[in-house]
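Below is one structure; the comments refer to it alone.
The values are calculated or read from the model by the stated rules, or taken from the named source; none is laboratory data. All values derive from a computational prediction rather than experimental measurement. Please note: Cβ atoms are built from the backbone with ideal geometry, for glycine as well, and neighbour counts cover all protein chains shown.
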Amino acid sequence: MNGGAQRGFTLTEVLVALVVMAVGMLGIAGLYVEGLRAGRTSIYRVAAVTLAADMADRIRANATAGAAYAGNGPGADNACVNGVAACSPAELAQDDWFHWLDAVRTSLPAGAAATVAVTDIAPLTQYTITLRWPETGQAEPASYTVVLQL
């Protein structure tokens, strides 16, 4: 028999294949981590949009309270929800703040902040609802703002 061509892989070919595969797996792991971060960010953004719309609906339902919605809470639990107690528009605004801030704390990460700025622009009143929350890997907090005019 002749010492002809050898069959199979050499050790060098196997090592090169392992290095290429390892680099590919590291890339996939990086994409996975980035996907998780993007998913978490989108969940917080959806929560912020929902919370801002909730406060806008509360303001629309109690439009006569006006400036009582201004500030950053904390409000008071006046038992105005579902007509349990007869509340003035200002008391209802405080009750709205109390329940809304509770929802903000449970839906957004620790360190989240919520504010409502009220500006009289005759003949309208403008409400600027702003939510801010810390995002991992970002120096500045993420935020969502909605402006409502009544």
Looking at the stretch 115-135, is at least one residue among the hydroxyl-bearing types (S, T, Y), part of a helix (DSSP H, G or I) and closer than 30 Å to V33 by Cα? no
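Identify, please: which residue in the stretch 68-110 is in contact with a Ser or Thr (Cβ under 8 Å, 6 or more places away or on another chain) and assigned to a helix (DSSP H, G or I) and is, among those, nearest to E135 (Cα to Cα)?
Going through the stretch 68-110, the residues in contact with a Ser or Thr (Cβ under 8 Å, 6 or more places away or on another chain) turn out to be 71-72, 89, 107.
Right, trim to assigned to a helix (DSSP H, G or I) and you get 89, 107.
Details: P89: 35, S107: 14 Å.
The residue in question is S107.
So that you can scan it fast, the table gives a plain yes or no per residue for (1) at pLDDT 95 or above; (2) over 16 Å from D54 (Cα atoms):
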{"residue": "D102", "(1), (2)": "no, no"}
{"residue": "P109", "(1), (2)": "no, yes"}
{"residue": "A113", "(1), (2)": "no, no"}
{"residue": "A122", "(1), (2)": "no, yes"}
{"residue": "T130", "(1), (2)": "yes, no"}
{"residue": "E135", "(1), (2)": "no, yes"}
{"residue": "P141", "(1), (2)": "no, yes"}
